[in-house]
Every structure is written in C-alpha cells, then in structure tokens.
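Here the structure is laid out as structure tokens; the discussion comes afterwards.
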Amino acid sequence: MFLKPLLLVHGKMNSMSLLFEVSSTYFKIYCFDQENISKSWILDIGGKSDIQKKELINDFIIREGISLLDYSDALVFWSNEQTVLVPSNLFENTSAETLLKLNFGDNFALNTSDFNRIPYIGVVCVYSIPTWIKSFFVIKFSGTKIIHTSTAWTKYLCNKNSSGKLIGLIVLDSEFLTFNCFYDNKPLIYIQTKFQEMEDVIYHVSYSLQQTASVNLDGNIELFDISGRNMNLINSFTEKINNLGLLANIKFSIHEKVDIAAFKLCV
C-alpha cells in the first residue's frame, strides 16, 4: 500500500466539490472549486479483498479528515470493465442483470448490477459494481451520486459539438482502455478492452476507426490517464500515431482534467 498526494494548490476548502474515483486497484479523491484543484489523494488498494479495501479507505478518509470537509457536491466515478452501453428501448424490455449476464457470462457476479440513463442520446450505461461501494458512500457521504466512468465520458462527449466532425476520448485505466467516439452529435464507437503496450492502444483505436469507415474523417481525439500510471505510454502513443500517418486528419491531444470537466456535467 502507498499513499501520496497528487497535487496541492493553495485555496479555500469550504463549499468545494468532491470527486471520488474508485476501481479495483486505486482510490482517488479530488477536492476542487470550478477546475482549480485544492488538494488530491491516491490510495493503492490493488490485491486486497473487498473487506480490506473498505477498511483501508475508511481509515484513510478518517486520518486525512476528508469526511469533515465542507463540500457542496460529491460524486463517485466507479471504473471497471463490466459495462455496456445499450439503447434505451432495449433496456426497457430487459434488465441490467440480464444484459450483464449476456455479455460477461459466469464472470458476472449476481446482484451487483446497476445502470445510469443518458436520456438526451437515448442510451443506458449498464454496469456491475460491488455492493460495498454503494453502502460505504451512502453512510459516509450522504447524498453522493455514484456513476460509472463510461457514463461520465459519454456525457463529456455529448457536451461537445461534433457536427460534421469526429470527436473522441481514449481513457487508460490500470489494465484496460475505453475508446468512445461521436460523429455528427451521435455515438459512433464505444469499446472497452485490455491493453499492455502502446502498440495495443494503436491497434484498437485504428481498427475501430477502420471498422466504422472513420479513418479519413476530420476530428479530434483526446487522451486521458485516469489511473495515473500511463502518462509515458500516452506520450509515446501521440508521437507514434502521428509519425505513422495512419489517421492524418485526426488530431490527438492529451487532456489531464477530463474527469474534472465531466464532473460538472454529471452532478
């Protein structure tokens, strides 16, 4: 286990927003006003059981005084691979548990399903989430909203004007990537897949664009490292894909605060 501050900038702590980011390997907290981060923390919880994770996080927020902070809004971004985006009309005729079982089979744990609606584009994000996460935040941070990161990234892209062009977001987590694209203000690509090396990211991105006949479109794709462990890979990716000339009309750029930008669209 390690504990370290990510960023510290002087600023007032009252009436701030709190963003919690949780996965199977990390627990992160951002305290910020608008986009000015006052303080942030990260806790490594990889390799621990659910009970151990809950205890580590509980001790951590008590020790750091996080539960005593004066905040106006609080939001949890849960990140895992067991998530699908489906049309709203399909979701109305089935259940979240059925959809997850269909997609993930025996790897899906029963009674862990949840969903977030994104009504303005007619889709629902269906995902699995451990019950301890829900109970923990309900008790410790009353009124906190919990959503999947895929919901956050989709809402982030919804807020951008993609009329006549391609806009996308590549998010790298500890062991998997999410690639989400819109074209003409409509969802075009959504994939989640494991990766190990920079070449894996190039393959999945270029292959998805080829399959949707999007390689020659003009557009912008942003990259974001939510895990805090892949910045070297992201820098190598942007350099390599530009040198290859595979996607000459698409500009790739790094955005280090996608999660903070998405927060304002999700509370």
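We did not get these values from a lab; they are worked out from the coordinates using the rules stated. Computed from a predicted model, the values in this text were never measured in an experiment. Virtual Cβ from ideal backbone geometry, glycine too; neighbours counted across all protein chains shown.
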With Kirkwood's inverse mean 1/r over C-alpha pairs for Rh, give me the Rg to Rh ratio of the chain, two decimals please. 0.96
When a footprinting reagent is the concern and you count Cβ atoms within 10 Å, what order do Tyr120, Tyr203 take, fewest first? Tyr120, Tyr203
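Per DSSP H run of n ≥ 4, the term is -39500 (n - 2.57); total these for the chain, divide by its residue number, and report the mean residue ellipticity at 222 nm rounded to 500 deg cm²/dmol.
Mean residue ellipticity at 222 nm (helix-derived): -9500 deg cm²/dmol.
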Residues with amide H under 5 Å of Ile146's amide H, sequence separation 5 or more or different chain, H placed in the peptide plane at 1.01 Å from N; which? Val76
Partner lysines for Lys101 [C-alpha distance under 23 Å; skip if fewer than 8 residues away on the same chain]: Lys134, Lys194
Would you mind checking the radius of gyration and Dmax of the stretch 83-128 based on alpha-carbon positions, in Å? 10.1, 33
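Please tell me which of these pairs span more than 21 angstrom C-alpha to C-alpha: Lys140/Lys257; Lys155/Lys264; Lys155/Lys257? Display every interim value, and only then the final one.
Working: Lys140/Lys257 26 Å; Lys155/Lys264 10 Å; Lys155/Lys257 15 Å.
Pairs exceeding the cut-off: Lys140/Lys257.
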Compute the separation of the alpha-carbon centres of the stretch 54-124 and the stretch 159-200 and state it in Å as a whole number. 19
The aspartates and glutamates whose Cα lies under 15 Å from the Cα of Lys48, excluding any fewer than 8 residues away in the same chain, are Asp59
Alpha-carbon Rg/Rh ratio, for the stretch 77-203, with Rh computed the Kirkwood way: 0.98
Rank these for me by crowding, Thr193, Thr154, going from fewest to most other beta carbons within 10 Å. Thr193, Thr154
For the chain, modelled as a Gaussian network with Cα springs under 10 Å, which listed residue fluctuates most, Ser208, Ser40, Ser236? Ser236
Amide H of Leu223: which non-local residues (sequence gap of 5 or more, or other chain) have their own amide H closer than 5 Å, using H built in the peptide plane? Ile170, Ser253, Ile254, His255
With both partners inside the chain, how many of the DSSP beta bridges are antiparallel, as a percent to the nearest 5? 65
Once the stretch 152-263 is represented by equal point scatterers at the alpha-carbon sites, with solvent omitted, what log10 I(q)/I(0) does the Debye formula produce at q = 0.10, 0.12, 0.17 Å⁻¹? -0.24, -0.36, -0.75
